[in-house]
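Colleague: My structure is below; once you've seen it, I'll send some questions.
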Amino acid sequence: MNRRSSLQSKENIKKAALEAFSKYGYGGASMKMIAHEAGMSVGGLYLYFKNKEELYLFLIKEKLDEFSKTAENAFKIINDPVEAIVRYINISIEYAKKHKEFIITQSKEHGFTFGMEIKKKFFEEQKALILRIIKKGIENGIFKPFEPVEVAKVIMGLIRGFIISIVINPENIFDAKYCTDVILKGLLKEN
């Protein structure tokens, strides 16, 4: 098998697996179903992934890595901390909306604890990214001198709350603009 067809096979597997997991859940999807949808034999699928759990964890990691790259690339060209916070929240919310079915699937059968080490590492990296933005804003006199670590935790908590609300109450999803307005302006009227 040449490299090109191997990469194409892996792409077919990922697409088929996302479809199967989103439609049937982790428990309802099978390697046979995924192989069939990917247009390959079950044995061929096992050449890429030793079992369903490994494939599922791979997809989780890939989605989180994809988000991380999107966020990092966005901040390479943004110098304004205000714009960076707004952009981060918008990217987070839009990404969660785009991958809503996959998020719902994760919560149904395994809860959010499945793949916890992967997720924990991801959230620590994201918190560090937000922390850099907050510190820069404080150093430049744009943000109030709040405790940057606490502010980063609040922002991450809001985003995780948004993700959980997709699962629990999808009709009650908040708008990214309101989220950034509350974070940047607060609730108190200015004198």
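Colleague: What angle do you read, to the nearest 10 degrees and between 0 and 90, between the alpha-carbon axis of helix 52-76 and the longest principal axis of the chain?
Modeller: Approximately 30 degrees, to the nearest ten.
Colleague: Loop-only trypsin sites (Lys or Arg not before Pro) in segment 15-74, please: DSSP not H, G, I, E or B, and at most 11 other Cβ atoms within 10 Å.
Modeller: Loop-located and lightly packed - Lys50.
Colleague: With +1 on each Lys and Arg Cβ and -1 on each Asp and Glu Cβ, and nothing else charged, work out how big the dipole of the chain is about its Cα centre, in Debye to the nearest 20.
Modeller: 360 debye
Here, each number is a calculation from the coordinates, and none is a lab measurement. In this text the structure is predicted, and so the values were computed from the model without any measurement. Neighbour counts run over all protein chains shown; Cβ positions are idealised from the backbone, glycine included.
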